[in-house]
Amino acid sequence: MKDSHAHTTGVFCAIASAVLMGTIGVFSKVMGLSAESISFLRLFLGSCFMFLFILYKGKTSLLLARPQFSVCINGAFLAGFIVFYVQAMNYTTMANAIMLVYFAPLTASIYAHFFMAEKLHPRALLLIILAVVGFAMMLEFKLNLQSDLQKTVGLGYALIAMFCYSGFILVNRTITSHIYASTFYQLLIGGLLMAPFFIYNYQPLSLQQGILALGVGLFPGFLAILFAVMALRELPAATFGTLAYFEPLAVVVFGWFFFQESLSSLQLAGCAVILFSGSVKAITDRPV
């Protein structure tokens, strides 16, 4: 019963994390700041919210211990994922960058199969691939693979971002320190690494932007990363990886709801494929 409850909690946290991470696009579009500034606010303010949460829980003693080296590494992975993802989109098309980056869940699942004793059964592999196909359908298969130096550099940045995202998933599977402390230090270290980019691109915030900045730190920062860390304590990489595709699904839905962006039949079908893959993976992995 305990394992079943833990699995259900993990599934809920993974989906919640994916949806909350998807809100970053809404905040970014409304605020009109540089990607580096948004990323810094997301991680650093997220760490501030995490600290307040730890304070509320009366768990400040958790922060007295030196963070694990793996926690520090994951803070760097968070910052690296964001920086190289942004750089990739500066050099190649957004579709190219996103498609390559979102091979990270599949990459993490394959690595976990060979090196972390998390066996990837054929059904699980099929469901992850199906989620990737659904994601490609949402992009309407509009990839520009035309070869030139600039696009090659962009794909290189996207590849590094993909490995950072994979690393974030895999390292969180190995961290043993308390979830609260782990999340706080990952956010803080990621935020501090993004600080130079924020300072370099600094622009004063209006009152509205300041209020929205708090939302960036709260939703795609504090809550999204906390839920992701919680999910990765309970779910194998393959299950988390499949459910991670709820993030681009959420992005498309947010675009339709907030910005009246229309959805084609192919995109709607892609949404359905991702929902199907994630649901089947969550149900079939549930301990009896």
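Please treat every number below as a calculation from the coordinates, not as lab data. Values in this document were obtained by computation on a predicted structure and should not be read as measured data. Reconstructed Cβ throughout: ideal geometry from the backbone, glycine too, with neighbour counts over all protein chains shown.
Computed quantities for the displayed model
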| quantity | calculated |
| --- | --- |
| Mean residue ellipticity (222 nm) of the chain, computed from DSSP H runs ≥ 4 via -39,500 (n - 2.57), nearest 500 | -24000 deg cm²/dmol |
| Spin-label pair LYS59/THR284, simplified geometry with 7 Å Cα→Cβ offset, distance in nm | 3.4 |
| FRET E, pair ALA195, ILE73, Förster distance 25 Å, beta-carbon r, rounded to 0.05 | 0.85 |
| Local net charge near PHE219, Cβ-Cβ under 15 Å (Lys/Arg +1, Asp/Glu -1) | +1 |
| Length added when fully stretched, ILE211-PHE115, from 0.36 nm per residue minus Cα-Cα | 30.1 nm |
| Gain in span if fully extended, THR8 to GLN260, counting 0.36 nm per residue against the direct Cα distance | 87.4 nm |
| Sequence of ARG123, ARG42, ARG66 once ranked by neighbouring C-beta atoms within 10 Å, starting from the fewest | ARG66, ARG123, ARG42 |
| Label-to-label distance, nm, for residues given as PHE276 and THR176 (7 Å Cα→Cβ offset) | 4.3 |
| Distance between segment 222-286 and segment 106-179 - C-alpha centres, whole angstrom | 14 |
| LYS29 paired with LEU126, simple spin-label distance in nm, labels 7 Å along Cα-to-beta-carbon | 3.6 |
| Low-density loop positions, chymotrypsin sites (Phe, Trp or Tyr not before Pro), segment 13-77 - DSSP coil, at most 13 other Cβ in 10 Å | none |
| Sites ALA269 and LYS151 - FRET efficiency at Förster radius 25 Å, r taken between beta-carbons, to 0.05 | 0.35 |
